[in-house]
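What follows is one structure encoded as structure tokens, with my remarks underneath.
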Amino acid sequence: PSTPPPPLSPASREALPVRIDGEWFDLRRWRAAHPAGVHWLDGFAGRDATDVMHAFHSEDAVAMLSRLPRLSAAVQPPSLPPASALTLGFRRLRARLVAEGWYERLWWREAQNLLPCLACYGVGWRLARAAPLLATVSLALGSTSAGWIAHDFVHGRGRFCAAMRGFGALMNGHSSTWWSNKHNLHHAC
């Protein structure tokens, strides 16, 4: 949002209303425990977080929604418009792609992405003394590739991506915490 609402204090008794899948939830008690930080929930106070919820959270996290308290109609923000036809169309497309398996991780596909990146690093390391210019090019290609692969792991969901979140830090020095705080926010807002 261009002007985010002021952060709520942890002791706040006010509701933290967030709409997900057409239902309003009170996230004030979940706020301090949210793994990515309070700024995410505060930034969506009074807004629809459906697409962000499904884009950044695992199926386990989505299933946790059933345990969160819902807001009664009396305290729901009245001015939030319904989702647009374009947004609803995107949600249907995404649901179809998930059902068809497009978001499934396959070991051979992950290897196909990782091996050329690691090969560029290996070639660069091997050529460092004999051909420094070629080594520099090879290391630059490896570094660029590692950045995109790390981007995919940080955005990805599931156990494999969670295990590989440190890849960017290991290969390029991009911590996943920095990525989440700085980069993911621009995708969400």
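The values are calculated or read from the model by the stated rules, or taken from the named source; none is laboratory data. Predicted, not measured: the structure shown is a model, and the values here were computed from it. Note that we place each Cβ from the backbone using ideal geometry, even for glycine, and neighbour counts take in every protein chain shown. Ligands, DNA and RNA are stripped out before the accessible areas are found, and what is left, the full protein with its side chains, is counted by its heavy atoms. Shrake-Rupley method; radii C 1.70, N 1.55, O 1.52, S 1.80 Å.
Tabulated data for the structure shown
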| read-out | value |
| --- | --- |
| So Gly37, is it open to solvent by less than 40 Å² (accessible area, probe 1.4 Å) and within 23 Å of His151 (Cα to Cα) | yes |
| Leu65 vs. criteria open to solvent by less than 40 Å² (accessible area, probe 1.4 Å), closer than 30 Å to Ser175 by Cα and in contact with a His (Cβ under 6 Å, 6 or more places away or on another chain) | no |
| Condition check for Arg165: charged (D, E, K, R), farther than 14 Å from Leu114 by Cα and within 21 Å of the chain's Cα centre (by Cα) | no |
| Residues that are under 20 Å from the mean Cα position of the chain (by Cα) and more than 27 Å from Ala162 (Cβ to Cβ), drawn from the range 46-91 | Thr87 |
| Pairs with Cβ under 9 Å, 6+ apart, first in the range 16-29 and over 14 Å from Asp42 (Cα atoms) and assigned to a strand (DSSP E or B), second of a type in the set (Ser, Thr, Tyr) and open to solvent by less than 30 Å² (accessible area, probe 1.4 Å) | Ile20/Thr50 |
| Residues (modelled with pLDDT of 95 or more and aliphatic (A, V, I, L, M)) located in the range 100-128 | Ala111, Leu114, Leu115, Leu118, Ala119, Val123, Leu127, Ala128 |
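For (1) modelled with pLDDT of 90 or more; (2) of a type in the set (D, E, K, R), each residue gets a yes or a no:
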position: Ala130; (1), (2): yes, no
position: Leu133; (1), (2): yes, no
position: Ser138; (1), (2): yes, no
position: Ser143; (1), (2): yes, no
position: Ala146; (1), (2): yes, no
position: Arg157; (1), (2): no, yes
position: Gly168; (1), (2): no, no
position: Ser175; (1), (2): no, no
position: His187; (1), (2): no, no
